[in-house]
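Data first, discussion second: the structure below is written as C-alpha cells.
The values are calculated or read from the model by the stated rules, or taken from the named source; none is laboratory data. Small disclaimer: the values here were computed from a predicted structure and weren't measured. No Cβ is skipped: glycine too gets one built from the backbone with ideal geometry, and neighbour counts run over all protein chains shown.
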Amino acid sequence: MNHRFLENWKWYEIESMDHKAERIKEMVHKLPDCTQWLENVEEQNTNYLRIENHGNEAVLHGCLIYEKEEEEFDHDHFHFYITRSYFVTVGLEIVRLDRTNKKDMIRQMHQCKTAIEGFFILLGEVLNNYLDGIDHFEYKLNELQYELKQNNSHNLMDRIYNLRQELLIWTDLTIPVEEIKLAAEEAFLDEITETSEYRRTSVRIERTLNLINHYQHDIDTMLKLEEVLSSHRGNEIMKTLTVMTVIFTPGMMLGSIWGMNFRNMPELDWKAGYAIALGLIGLSIASIYIWLRMKGWTGDLLKSRSRKSRFK
C-alpha cells in the first residue's frame, strides 16, 4: 500500500507477507535507489542499521525486531528504508501494535514535512506499545513484591528470574530503537533533530529506558534479598547441626564405650548402674550445653521468632 502525504512525501508499505515477493519486484522498478536493499530484504531477519550516501542525499536503512517472545528465535521484524522524500517498510504489521490506530497515525503523518519525520511517528507508535507492555510488567512485578513480603516462599526465586528475563526482552527491543534515533541524527543532522516528532520520540525512548532501569534495580534488590535469606537459612541449618553434634558427642562416646561389653565392667553388677550411666551422659550433655551458652556460641538458636519473621 502506498501513502502520499500533503507535503508530497510517500510511505511505501509492504505489509502482507503473502504478497511480499511480488510487491518487492514492483518496488524495484519504482524506486531504483533502493534496489540493492530490496533484493537483500529476504536475507536479513535480525537488527541491523546502515547509513549510506547516494549523491548528496543521506539514506538510512535497516531491520528492527519490534516484537519478541521469550523463545530465542520467536520474533517479528520489519525492514525500513528512509530518505527525505519517502520511506519504505517491509513486513511491519500495524495490527500487531495493539495500541495503534492506523487512521489516526496517518492523519498525524500529514502534518510532517519530510518522510524522515513521518517515520519517527511510526517509531513512536512502536514505543507506545512497548510502554503498554512495560506497564503490564510493572503489575506483575508489584504482585511479586507483595507475595515476597507476605510469605517469602522458596518458589518465588523462579518467578523473579522469569521477570528478569522478560525485562531483558524489553531492553533488547528498546535499545535498537534508540540506535535508530542516533543514526537518524547522524544521517540527517538538524533536518530531523529540530522537528517535534524527533524530540517527542526521543523523550519516549528516555521514558522507556528509565522505566527499564528502575525495574532492573527493583529486581536486583529482590534477588539480593532472596540471596541474603537463603544464605541465612543455610547458616542457621549448619549452626544448628554443629551445636547438636557438639552437645551429644560426649553422650555418644560414653554410650559407645558401655556398648563394648568388656568383661571387667563392675558397674554392670550395680543396682543403680543404668541410672548412674544415664545420669553421667545427661551431665556431660548439660555441661557441654552450659559451656556453649557461656561462650555465646549457641546464638539465638533456641529463641522463638515471630511468625512474621522472614529469617526462619
* Unmet requirement for Ile237, which otherwise passes all of (1) closer than 30 Å to Trp291 by Cα; (2) surrounded by fewer than 12 Cβ atoms within 10 Å (Cβ to Cβ); (3) touching a residue at least 12 places away in the same chain (Cβ under 8 Å) -> (3)
* Asked: Can you name the residue in region 7-41 that is modelled with pLDDT of 75 or more and over 14 Å from Tyr81 (Cβ atoms) and is also surrounded by the most Cβ atoms within 10 Å (Cβ to Cβ) among such residues?
  -> Glu15
* To do: Looking at (1) of a type outside the set (Phe, Trp, Tyr); (2) under 24 Å from Asp76 (Cα atoms); (3) out of contact with any strand residue (DSSP E or B) (no Cβ under 6 Å at 6 or more places or on another chain), find the lone condition where Val243 falls short.
  => (2)
* Structure fact -> Of the residues in region 185-203, those that are buried (at least 16 other Cβ atoms within 10 Å of the Cβ) and either modelled with pLDDT of 95 or more or not aliphatic (A, V, I, L, M) (or both) come to Phe188, Glu191, Thr195, Glu197, Tyr198, Thr201, Ser202
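Is it true that Val228 is in a helix (DSSP H, G or I), within 24 Å of Asn128 (Cβ to Cβ) and either without any contact (Cβ under 8 Å) to a residue 12 or more places away in the chain or of a type in the set (A, V, I, L, M) (or both)? Steps first, please.
Values: in a helix (DSSP H, G or I): yes; within 24 Å of Asn128 (Cβ to Cβ): no; either without any contact (Cβ under 8 Å) to a residue 12 or more places away in the chain or of a type in the set (A, V, I, L, M) (or both): yes.
Spelling it out, it is not the case that Val228 is in a helix (DSSP H, G or I), within 24 Å of Asn128 (Cβ to Cβ) and either without any contact (Cβ under 8 Å) to a residue 12 or more places away in the chain or of a type in the set (A, V, I, L, M) (or both).
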* Residue selected from region 170-197 under the condition in a helix (DSSP H, G or I) and in contact with an Asp or Glu (Cβ under 7 Å, 6 or more places away or on another chain), by the criterion nearest to Asn56 (Cα to Cα) -> Ile192
